[in-house]
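**Q** Attaching a single structure in structure tokens format; questions to follow.
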Amino acid sequence: MNTLKNIIRTYEIFISYYSVSYIIFYLLLAILSWVAIKRYYKSKYFLLKEILVKSNHVVGVSIVAPAFNEETTIVYNVKSLLFQEYPKFEVVIINDGSTDSTLEKLIKEFSLVKVDFFYQDKIPTQPVRGHYKSTDPIYSKLLVVDKENGKSKADASNAGINSAKYSLFLCTDVDCILRKDTISMLAKPFIENTEKVIATGAAIRISNSCEFKDGMLYQSHFPDNFFARFQELEYIRSFLFGRMAWSKINGLLLVSGGLGMFDKQTAIEAGGYWHKSLGEDMELITRMRKLMHEKKEKFLIVYIPESLCWTEVPASMTIFLRQRVRWARGLIQTLFLHKKTIFNPKYGMTGLVILPYYLFFEFAVPILEILGLIVLTLDFLFFSINYNFLFIASAFVYLFYITITLISVFLDQLIYKHYTGIKEVLILLVMVFIEPVVFHPINVYASIKGYWHFFRQKEQSWGVMVRQGFNKNDSLQ
Amino acid sequence: MISFSNSNYSFEDFFAGIKNELSNIDYSFFTTEFSFEIIKYFIIPFLLFLIVLLVILLIANRYGFEKKLILKKEVEVKINDFLTEIIFSDYTPKETKEKINLFKEQEVPFRKKWCKAIILNNIITVKRNINGVNPNQMLLIYKYFGFHAYSDKLIRSSNWENKLLGIYHYQILEYKIKTGHIRPNIYVKNKFLKSNALIAVISLSDEKFEFLSKYQKKISTADELKILDIIYQKKSALPKNINDWIHNKNSSIVTLAIKLMVRYRESLTIDQINYLLTNPNDRVRKETLSAIRTLYAIEASDILIDYYKAETNKRNKISALKTMSVIGDNETKDFIASIMTQEKDLEVKFEMINCIIKIDKTFFDTYKTDDLSENDVVNRIILHVNNPHLN
């Protein structure tokens with residue numbers, strides 16, 4: 001019993017230090033994020049996007065969008081992607097062995113014909129069955145790659161990268177709706193910076209409940225679905241708060257798979273997306289960073305505080321859990337794969353700051369929370385609980401959590417003024433207060449399950465995301 | 001430090017040891033009544049206060065925005081109508097001034113910052129995007145609204161963001177007389193301010209190219225795009241001393257000179273091509289290759305063969321092949337055919353085959369090697385190159 005008591009006491013002391021360091025880290029992130037956002041908006045007159053849109057001298061961009069069983073939305077979404085305002089771009093859609101009529105719909109709608117594309121396996125992928133181009137000049141920017149299913153988005157993306165003709169590629173999901181100036185906004189940092197930029201990213205918003213017209217966001221609404229509401233909050237906090245701060249210190253390890261622009265040469269040199277990865281976006285950035293450190297070349301990964309992309313998020317518990325389990329598994333997989341990089345001075349910031357942060361905070365928090373519950377139960381059963389202290393400590397953690405979310409929401413409202421009315425903002429505020437007790441535990445459960453699956457080596461797959469699609473009356477449909 | 005060398009050291013002692021170690025660091029800080037009291041009486045009330053404040057600010061901000069939105073829309077319509085009227089009517093300066101004064105006093109809440117912002121933004125949008133508007137009239141309108149004083153205040157401010165905005169106003173509205181106010185900012189450390197000041201001075205100067213030819217520092221890609229944008233918009237004449245630009249030590253100026261020559265369809269001489277293709281800067285060589293291609297300088301065909309042999313940069317090699325496919329002759333074809341089989345890089349090989357086909361469509365009709373995999377690669381490239389939908 002004495003040993004158990006000692007373990008519990010040690011854990012409690014450790015958690016005290018851990019919590020303080022976590023809070024300090026978050027406060028630092030808050031400051032960095034504020035500075036980064038301010039600087040971004042201060043320098044908006046440096047290179048106007050109108051200049052890029054009109055110029056013949058810009059760098060070309062290939063939009064790479066994998067599709068797996070997307071027959072309900074594919075036509076609409078491809079049209080939306082083709083509406084980008086940028087002088088030099090192409091859209092590469094990869095049909096990853098869909099078992100529905102995704103390819104047939106594309107062929108019919110865009111008058112596609114099979115072409116003898118000289119495909120080079122710069123990054124190894126599952127066999128490519130063929131390439132399709134449109135006979136209609138309106139869709140000359142479209143290239144469809146048909147390949148055998150590789151059981152991962154990574155494999156499909158790699159086939160797209162291999163087929164892309166421009167030196168930058170924008171990776172997105174085919175269900176994402178991009179703002180018309182997405183390419184210009186993401187390509188800007190590649191042009192503006194004298195240091196080599198290897199990737200750029202921007203904020204993703206949730207499309208559930210939003211209205212779209214002509215492939216563009218028409219009216220932004222706060223989601224009316226239970227899960228989507230919390231995910232909206234989570235996205236605001238993560239994109240505006242976390243990633244802006246990491247970008248400020250060139251420490252981004254995650255450029256979302258839904259929206260990220262990459263230097264093709266660096267991505268290929270790093271080996272492209274790893275097809276076995278469940279967090280392929282994070283894993284690719286880790287390898288790209290490592291490559292640049294190994295080559296001793298200066299580089300930047302830039303994040304911009306603009307909402308450029310809208311995507312449908314899981315609206316049911318089953319799909320939500322599946323997604324989060326996958327993410328958690330992806331995180332531990334990446335950390336495990338790059339364990340030798342952690343604390344390795346050869347990898348500079350990546351090895352000494354970023355990966356340790358992900359290990360000690362992002363990865364460890366769910367485990368520590370579960371351990372906390374166990375300790376509390378043991379205390380309750382065998383020892384005594386100082387209820388006064390427990391209440392104060394819990395209140396402190398809860399209020400701190402709320403404050404961080406509220407700051408993110410406040411910044412978001414100050415900059416973007418999303419949603420249609422004050423009523424929606426009020427609902428958002430209510431969600432802020434109930435998120436830690438309702439949504440957070442589900443996330444913790446999913447993370448633990450993801451870690452468990454990683455250790456049990458369960459087989460991976462694309463998974464089926466049930467889509468509602470965008471408004472059916474939209475003229476693009 | 002905790003040691004396991006002592007065999008009597010139990011598991012229990014191990015945790016007790018850790019506990020002591022941690023306690024020695026600053027255990028008291030977290031567990032004493034004092035820190036508990038700090039959290040209870042200071043941090044928690046502070047967080048509560050912050051939360052309440054944020055919620056109030058958030059609601060107030062949104063409420064203000066919603067309320068202002070309707071008014072803003074109404075005002076915006078009035079502003080658009082008014083600006084359309086005075087920009088596209090033949091009012092005398094005196095009439096314009098009177099109308100603007102009347103509009104400011106009676107039609108819109110001009111004292112409000114947001115109202116001023118809408119008017120100024122609209123003036124700038126019209127000036128930037130509508131061809132054929134009289135620049136002098138736009139400048140007059142800008143002045144009669146009193147925005148010149150606002151821009152002046154911005155430029156004189158110590159804040160670089162304000163300066164950037166003020167410079168932008170002057171540049172777009174072609175307020176040439178104010179160039180002197182912008183010029184000192186070219187020499188500041190801030191890269192954004194320095195760049196925009198340089199571009200504004202070039203844009204506002206009557207002899208914009210002369211200023212540029214003397215510029216010593218490296219011009220970034222962003223600045224290059226901005227300069228080219230000015231050139232396209234202003235339709236200025238090609239500088240007479242363009243040959244001096246080509247021989248400039250600053251590779252940024254050389255690159256710009258090549259782009260200018262392409263823009264004005266000014267032919268490159270053989271001497272110039274020879275000189276430029278030996279420039280140590282990769283970008284200059286690539287720009288030259290692109291210029292030869294666009295300007296269709298067929299006389300450079302022989303030079304390109306020698307250049308290709310010496311070039312080590314892969315991207316430039318590919319660019320040279322693309323150029324040769326446009327201006328090449330039989331000699332080019334023979335040269336490429338002689339080196340094609342040895343080429344291992346498929347990207348380069350692709351361009352080689354493309355180049356040969358562009359010069360001689362029938363070249364591969366009878367082509368075959370003993371190497372089956374080589375034949376396969378070549379055939380696949382030929383099919384790609386000849387596909388009408390892929391080119």
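A short reminder: the numbers here are calculations on the coordinates, not readings from a lab. These numbers were taken from a predicted model, which means no experiment stands behind them. FYI the Cβ positions are ideal-geometry reconstructions off the backbone, even for glycines, and counts take in every protein chain you see.
**Q** Would you mind giving the mean number of other chain beta-carbons within 10 Å of the Cβ of each residue in A:7-15, as a whole number?
**A** 5
**Q** By the scheme Lys and Arg +1, Asp and Glu -1, what is the net charge of all other residues having a beta-carbon under 13 Å from that of A:THR341?
**A** Summing Lys/Arg as +1 and Asp/Glu as -1 gives +4.
**Q** While we're on this one: Output needed for the protein assembly as shown: three equivalent-ellipsoid semi-axes, defined as square roots of 5 times the C-alpha gyration tensor eigenvalues, in descending order, whole Å.
**A** Over the Cα atoms of the protein assembly as shown, the ellipsoid semi-axes are 50, 40, 28 Å.
**Q** Taking 0.36 nm per residue of sequence separation and subtracting the Cα-Cα distance, how much length would be gained by fully extending the chain between B:GLU105 and B:PHE36, in nm to one decimal?
**A** 18.8 nm
**Q** Rounded to the nearest 500, what is the protein assembly as shown's calculated 222 nm mean residue ellipticity when only DSSP H runs of at least 4 contribute -39500 (n - 2.57) each, over all residues?
**A** -18500 deg cm²/dmol
**Q** What is the P(r) of region B:218-265, as percent of Cα-Cα pairs per 10 Å bin from 0?
**A** That works out to 27, 59, 13, in percent per bin.
**Q** Determine the relative contact order of chain B: mean sequence separation of Cα pairs under 8 Å and six or more apart, normalised by residue count, in whole percent.
**A** Normalised by residue count, the contact order of chain B is 6 percent.
**Q** Sequence-distant or interchain residues sharing an amide H contact under 5 Å with A:VAL115, placed H: which?
**A** A:HIS131, A:TYR132, A:LYS133
**Q** How many nm separate the modelled label positions at A:PHE380 and A:TYR166, each set 7 Å beyond the Cα in the direction of the Cβ?
**A** Placing both labels 7 Å along Cα→Cβ, they lie 5.7 nm apart.
**Q** Multiply the residue separation of B:LEU53 and B:SER373 by 0.36 nm, subtract the distance between their alpha-carbon atoms, and state the gained length in nm to one decimal.
**A** This chain segment gains 108.0 nm when fully extended.
**Q** So what J values fall out for region B:130-139 if you push phi through Karplus, 6.51 cos²θ - 1.76 cosθ + 1.60 with θ = phi - 60°, rounded to Hz, Gly and Pro as x?
**A** After applying 6.51 cos²θ - 1.76 cosθ + 1.60, I find 9, 6, x, 6, 6, x, 5, 5, 5, 5 Hz.
**Q** How much FRET efficiency would the formula 1/(1 + (r/R0)^6) give for B:LYS314 and A:ASP136, where r is the Cβ-Cβ distance and R0 is 35 Å, rounded to 0.05?
**A** E(calc), rounded to 0.05, equals 0.50.
**Q** For labels at A:GLN120 and A:PHE360 in the simple 7 Å Cα→Cβ model, what's the distance in nm?
**A** Those two pseudo-labels are separated by 4.4 nm.
**Q** So between B:TYR232 and B:GLN216, what do we pick up on full extension, going 0.36 nm a residue minus the alpha carbon distance?
**A** 3.4 nm
**Q** When the label point is put 7 Å from the Cα of A:VAL113 along its Cα-to-beta-carbon vector, which residues of region B:347-391 have a backbone N closer than 16 Å?
**A** B:383-391
**Q** What is the Å³ per residue value for the convex hull set by the Cα atoms of region B:247-391?
**A** 110
**Q** Note down the net charge around A:ASN158, summing +1 for each Lys or Arg and -1 for each Asp or Glu among other residues with Cβ under 11 Å from its Cβ.
**A** So the surrounding residues net to -1.
**Q** Next question. Helix A:182-192: angle to the longest alpha-carbon principal axis of chain A, degrees 0 to 90, nearest 10?
**A** The angle comes out at about 80 degrees.
**Q** Return the percentage of antiparallel bridges among DSSP beta bridges fully within the protein assembly as shown, rounded to the nearest 5 %.
**A** 45
**Q** For region A:28-119, run through the GluC sites (Glu not before Pro) and keep only the ones in DSSP coil with at most 10 other Cβ atoms within 10 Å of their Cβ.
**A** Counting only loop positions with at most 10 other Cβ atoms within 10 Å, none of the GluC sites (Glu not before Pro) in region A:28-119 qualifies.
**Q** Tell me, what is the FRET efficiency for A:ILE249 and A:LYS346 to the nearest 0.05, using R0 = 22 angstrom and their Cβ-Cβ distance as r?
**A** 0.70
**Q** For the peptides B:36-42, A:440-446, what is the packing order when you average, over each peptide's residues, the other Cβ atoms within 10 Å and list the highest mean first?
**A** A:440-446, B:36-42
**Q** Okay, next question. Over all alpha-carbon pairs of chain B, lay out the pair-distance distribution in 10 Å bins, whole %, shortest bin first.
**A** Taking every Cα pair in chain B, the percentages come to 4, 15, 16, 14, 13, 13, 13, 10, 3, 0, 0.
**Q** Something else: Picking from B:GLN233, B:GLN342, B:GLN137, which is most flexible by a Gaussian network model of chain B using Cα springs under 10 Å?
**A** For chain B, modelled as a Gaussian network with Cα springs under 10 Å, the answer is B:GLN342.
**Q** List the pairs from A:LYS298/A:LYS346; A:LYS122/A:LYS165; A:LYS423/B:LYS73; A:LYS248/B:LYS68 whose alpha-carbon separation is above 24 Å, in the order I gave them.
**A** Those over the limit are A:LYS248/B:LYS68.
**Q** Say each of B:ARG156 and A:PHE433 gets a label point 7 Å from the Cα, pointing the same way as Cα to Cβ; how far apart are those two points in nm?
**A** For the pair B:ARG156/A:PHE433, the computed spacing is 5.0 nm.
**Q** Note down the net charge around B:ALA60, summing +1 for each Lys or Arg and -1 for each Asp or Glu among other residues with Cβ under 14 Å from its Cβ.
**A** For residues surrounding B:ALA60, the net value is +3.
**Q** Pick from B:VAL75, B:VAL55, B:VAL326: which residue has the top mean-square fluctuation in a GNM of chain B where Cα pairs under 10 Å get a spring?
**A** Highest fluctuation among the options: B:VAL55.
**Q** With r defined as the distance between the Cβ atoms of B:ASP282 and A:TRP327 and R0 fixed at 45 Å, what FRET efficiency is calculated, to the nearest 0.05?
**A** 0.60
**Q** Starting from 0 in steps of 10 Å, tell me what percent of the Cα-Cα pairs of region B:146-206 lands in each bin.
**A** Percent of Cα pairs in each bin: 27, 62, 12, 0.
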